[in-house]
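As structure tokens, the structure follows; a few thoughts come after it.
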Amino acid sequence: MDDPALLPALTRIAEALERLAPPPASGLDLKAADAFVWHPEPRPHLAPVPRVAAVPIGLLQGIESQKALLLDNTMRFARGFSANNAMLWGARGTGKSSMVKAAHAAANAELPGGLALIEIHREDIRTLPDLLSQLRLQPRRCIVFCDDLSFEKDDADYKALKSVLDGGIEGRPPNVLFYATSNRRHLMSRDMIENERSTAINPGEAVEEKVSLSDRFGLWIGFHNADQPTFFAMIEGYAAHFALPITTEALHAQAIEWSVTRGGRSGRVAWQFVQDLAGRLGVKIDP
């Protein structure tokens with residue numbers, strides 16, 4: 001170098017570029033935890049989650065068939081067999097995300113360290129191909145999870161999801177499954193689908209291209225609002241698990257009043273009621 005005075009500046013530039021560069025796939029440490037959150041910026045990395053906020057799978061009441069489907073799919077994958085990407089869709093607060101976390105915990109209880117749960121935020125879904133490229137060479141099996149996934153008008157991020165679910169020359173890595181929850185069965189808003197129908201030269205093909213996204217999930221699991229007996233089963237399960245000192249009659253009466261004030265019955269409403277009840281009864285619970 002002709003001018004030694006430039007060396008410090010060039011060194012600083014090189015160090016800055018190195019900090020911005022994504023880490024190599026071999027640099028991922030999937031043994032650091034059983035769960036991670038994907039952060040694509042400013043430097044792509046997986047942040048370990050020391051403790052997942054998961055409800056024991058036995059406490060999820062009123063969704064027995066859904067529980068059996070997802071748990072079977074998850075356990076087969078954890079054991080090294082083929083399994084499907086899963087979409088859990090339906091009414092809000094019905095236990096969709098709780099089911100995913102509970103199934104992951106159940107799999108790791110039977111096969112310690114078998115599965116890593118990696119959460120990707122909805123706003124980062126366009127970086128999903130980058131995440132999968134880093135997971136592709138990892139020996140550990142992973143479930144990539146996106147909660148409350150949906151797409152609005154003029155939102156093109158769904159194309160990144162389509163390419164990795166079932167398409168592209170690389171395809172989905174064999175050690176990765178994708179689980180998503182959504183309030184919408186087809187992930188698209190009605191306005192988005194209707195807009196495609198009204199503006200396209202061939203409306204049928206345009207709509208089919210949008211709706212085909214949900215078809216790329218091999219497993220669809222629907223969740224619906226609970227009836228009153230199911231709602232009672234939920235709160236009774238929680239009350240028994242946490243040994244709440246209350247009679248069944250009083251429990252039901254207070255639960256009905258709570259559900260009326262909340263405008264519905266669901267797993268989320270049941271859990272919120274039990275948290276409130278435990279506090280009023282002076283019982284500490286560990287969610």
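Phi angles across segment 133-146 convert, under the Karplus curve 6.51 cos²θ - 1.76 cosθ + 1.60 with θ = phi - 60°, into 3J(HN,Hα) values of 5, 7, 7, 4, 9, 7, x, 7, 7, 9, 10, 8, 10, 10 Hz, Gly and Pro given as x.
Enclosing the Cα atoms of segment 39-90 in their convex hull gives a volume equal to 157 cubic angstrom per residue.
Here the translational diffusion coefficient of segment 47-162 follows from Stokes-Einstein with Rh set to the Kirkwood radius across Cα pairs; for 37 °C and 0.692 mPa s it amounts to 214 µm²/s.
Of the peptides 140-146, 280-286, 181-187, the order by per-residue mean of other Cβ atoms within 10 Å, starting with the highest, comes out as 140-146, 181-187, 280-286.
Only the Cβ atoms of Lys and Arg (+1) and of Asp and Glu (-1) were treated as charged; on that basis the dipole of segment 65-147 about its Cα centre amounts to roughly 160 debye.
The loop-placed chymotrypsin sites (Phe, Trp or Tyr not before Pro) in segment 67-103, going by DSSP, that have at most 15 neighbouring Cβ atoms within 10 Å of their Cβ come out as Phe81.
Readers should treat all values here as calculations from the given coordinates under stated rules, not as data from a laboratory. Here the structure is a predicted model, which means the values were calculated and not measured. Cβ: placed from backbone, ideal geometry, glycine included. Neighbour counts: every protein chain shown.
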